[in-house]
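The values are calculated or read from the model by the stated rules, or taken from the named source; none is laboratory data. On a predicted model such as this, the values are computed, not experimentally measured, just so you know. Using ideal geometry, Cβ is built from the backbone for each residue, glycine included, and neighbour counts are taken over all protein chains shown.
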Amino acid sequence: MSTDYIIITNTPEETKDLGERLGRLLKDGDIVCLYGELGAGKTTFVQGIAKGLDIKEGFVASPTFVIVNEYKGRLPLYHIDLYRLNSLSEIEDIGILEYLKGKAVTVIEWAEKAEEILPEERLTIYLENPGGGKRKISFKGKGNRFTEILNGLKEHAEHKH
């Protein structure tokens, strides 16, 4: 079962707030895959997820040079950035399959590079930068757990209006 949901944010703060709302809904073992060009807002969104997981670090940085950052909060967060990796074997060499089985929330930037080894049940998020500070954020949840998460996000949005 696949569920779609689209939200437009107008500022980086709104993008981060949306990530925080998502972070509050996540449980250990959840896998979030992020897609989007450079500058689409992926790291800002992950900073929000970290805040929603009660991670104390004031600044979650893109792990582009170290590939994986681990943060401790209400739940551990594995933040994986595949931007600099060019092959599936390089991706497997960082131990990605172990991270995907971990007792943590795993967020993967540039997830398209690992498409063939990612679990089918996951939350896929596309971030687009249409200009003017806006972000178009499209969610696609596959599996009951991720449908539940999307319903939680929708519910929050409806209560806000």
* Structure fact -> Apart from one, (1) in contact with a strand residue (DSSP E or B) (Cβ under 9 Å, 6 or more places away or on another chain); (2) closer than 27 Å to Glu70 by Cβ; (3) at pLDDT 90 or above all hold for Gly143; the odd one out is (3)
* Asked: Of the residues in the range 105-161, how many are under 17 Å from Arg21 (Cβ atoms), surrounded by 16 or more Cβ atoms within 10 Å (Cβ to Cβ) and among the aliphatic types (A, V, I, L, M)?
  -> 9
